[in-house]
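Step one of this worksheet: look at the structure below.
The values are calculated or read from the model by the stated rules, or taken from the named source; none is laboratory data. What you see is a predicted model; the values in this text were computed from it and never measured. Using ideal geometry, Cβ is built from the backbone for each residue, glycine included, and neighbour counts are taken over all protein chains shown. Ligands, DNA and RNA are stripped out before the accessible areas are found, and what is left, the full protein with its side chains, is counted by its heavy atoms. Shrake-Rupley method; radii C 1.70, N 1.55, O 1.52, S 1.80 Å.
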Amino acid sequence: MVTMNEVAKAAGVSRATASYALRGDPRIAPDTAQKVLNAANELKYTANLSARSLRSGHNGVIGVAIFELDRPYPSEMSAAISREATKHGLQTIVQQTSISKDSEIGILKKVTSQLCDGMIFSPSNVSDQEIRILAGGKPIVLLDALSHSPMFDTINTPCETGAQAAIDHLINVGCRNILVIGAGGPLEQTDGTIAGEHQDDATYDVTQPMLAKTSQDASVSDRRAYGCLQSFAEHGMPITTSTFLPMPRWDEDAARSVGRQIARAMQGEDATSRVKQPGMAPRPVPHDVDGIFCMTDTIALGVMRGLADCGVNVPRDVKVIGFDGISEGEYSIPSLTTISTDLGDLAKQAVSQLLDRINNPDSGREPEIITARYQLIERESTNTPTSK
C-alpha cells in the first residue's frame, strides 16, 4: 500500500504538506496542492481509514442499517439521513437488514464495530443487549426501537399521534365505518386468531388500553393501532372484529389483493364478507366500509389499485388515507392523502444524537426518545383539495 510519505517524496513536499493538501486545506498554495494530487494519482494512493482512525479515534464514517431499501419509504429515509450526514462532513455506509437477525448481527459485527464511528440502526430481531455487545462499544441511535425503555437514543416515527390524526381526518370528512389495514388491533390473540372469530359483532371497549403481548412488543403497527384506538375512543366509535385487518406482508401485491376482496365485500349482498390472506384465518369486512386507513402509503396505493380493479371509486365510494408521505402518493390517481413523516426532522435528530454520542462518549447522558414531526397532507383520496 502506498503511504503518505511516498506521496510527499514524489511531490517534493513534507509529509504534513501532503496530508493537508489531500484534505483540501486552503492554506496550501494551489500549485503545491496540484503537485501533491498528481503524485497521489500517479502512485494510486488511497487514504488508510484504519490508520486515520487510530490517530484521531474517528474516521468520519457512520453506518445506516434499514430494514428494506427497495421500498419507497425506507429508501427516502436513508437518503435523508445521508444528506444530513453530509452537512456535517460525514460519509455514510447504508445497508439493508432484510428484517433478518443474521443480517442485523453481521452488520453490527462487521460494519459498525470495525468501520464506523457509530450507527443509525433500525432493529427488528436483536435486543438492546445484543446490539451493545455486537457493536463493540460504538455509539448507536435506534429508529423505532422495539423496547419502551431502550438503552440507546431513539428516534421514533410519529406512530400514535399520526395514526390518531389519520382517523380524526376520516371522521371529519364524514366516514363512520372505518377499516384499518395492516395491524391486528386489540382483538388480536396470541395464537393469530381474533376474539369473536365467529361473532362478527364482537366489540372492544375502547376506553381500556391496548396491552402489549410482551414487554418488548412496541412495534410500529402496534403503536399506530393504539393511535387509532385513541381517536375511536374520543369520537365514541365502537371497535369490532371488522375494524382492524392485519396483513402478513406490507407490500403492494398483497395490498392489491386485499383491495379487490374489500371491493367485492362492498359490492356483495351479505352484511359481512371475509378477506382471505395466506397463513391467516379469514377476516370479516362489512359491506358498508366508507373509510380506510392504511398503515403505510405502500399499502394504501396497493389497496386503491385493487379497489379500482373492481370498479370501486376512491373517494366517491370509499375514502383512503395512508401513512409515511412517500413521493409516489402525490402522483397516484387519485393522489393519496397521507400522514407524512418529516424525514428532514427525523434525519436531523438522528445524526445530531449520534454525533453527540461520538464526540462526548463519557457524557453520562441518559438515552433520549424523540418523535419526529409529521404533517397531514390532504389530497384527492379523501376528496379534499390537493395541498401544494
### Query
Using helices alone, what [θ] at 222 nm do you get for the chain, with -39,500 (n - 2.57) per DSSP H run of 4 or more residues, divided over all residues and rounded to the nearest 500?
-11500 deg cm²/dmol
### Query
Most fluctuating residue of Val220, Val173, Val303 in a GNM of the chain with Cα springs under 10 Å: which is it?
Val173
### Relative contact order for the range 227-351, counting Cα pairs under 8 Å that sit 6 or more residues apart, in percent
22
### Task
Tally up the carbon and sulfur contribution to the accessible surface of the chain as a whole percent, 1.4 Å probe, everything protein left in place.
48
### Descending semi-axes in whole angstrom, ellipsoid equivalent of the range 296-388, from the Cα gyration tensor
38, 12, 10
### Summary
Whole-Å distance linking the alpha carbon centroid of the range 97-130 with that of the range 77-95 is 17
#### Entry: Burial ranking of peptide ranges 141-149, 127-135 (average Cβ count within 10 Å, highest at the top)
141-149, 127-135
#### Entry: Largest-first ordering by accessible area, 1.4 Å probe, given options Lys276, Lys35
Lys276, Lys35
### Task
Return the label of the correct value of Cα extents along the principal axes in Å, as calculated from the structure shown, out of [x] 88, 41, 34; [y] 63, 43, 41; [z] 68, 41, 34.
[x]
### Task
Over the Cα atoms of the range 85-126, compute the convex hull volume and normalise it per residue, giving Å³.
67
### Query
Can you flag which of Lys9/Lys87; Lys109/Lys138; Lys9/Lys44; Lys44/Lys138; Lys44/Lys110; Lys110/Lys138 are past 22 Å Cα-Cα?
Lys9/Lys87; Lys44/Lys138; Lys44/Lys110
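Tally Lys and Arg at +1 and Asp and Glu at -1 over the other residues with C-beta under 11 Å from the C-beta of Thr157: what net charge comes out?
Around Thr157, the charge tally is -2.
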### Query
Under a no-solvent Debye model with one identical scatterer per Cα of the range 95-164, what's log10 I(q)/I(0) at q = 0.16, 0.21, 0.24, 0.28 Å⁻¹?
-0.52, -0.84, -1.06, -1.37
### Query
Given the convex hull over the Cα atoms of the range 1-122, what projected area results after averaging over all orientations, in nm²?
9.0
## Note on the structure
For the range 261-329, one quarter of the surface area of the C-alpha convex hull, expressed in nm², comes to 4.9
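Using the Cα centre as the reference, give the magnitude of the dipole from point charges on the C-beta atoms of the range 307-356 (Lys, Arg: +1; Asp, Glu: -1; all else neutral), rounded to the nearest 20 debye.
The calculation lands at about 160 debye.
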### Summary
For the range 233-388, the Cα-Cα pair-distance distribution in 10 Å bins from 0, as whole percents, is 10, 32, 28, 16, 9, 3, 0
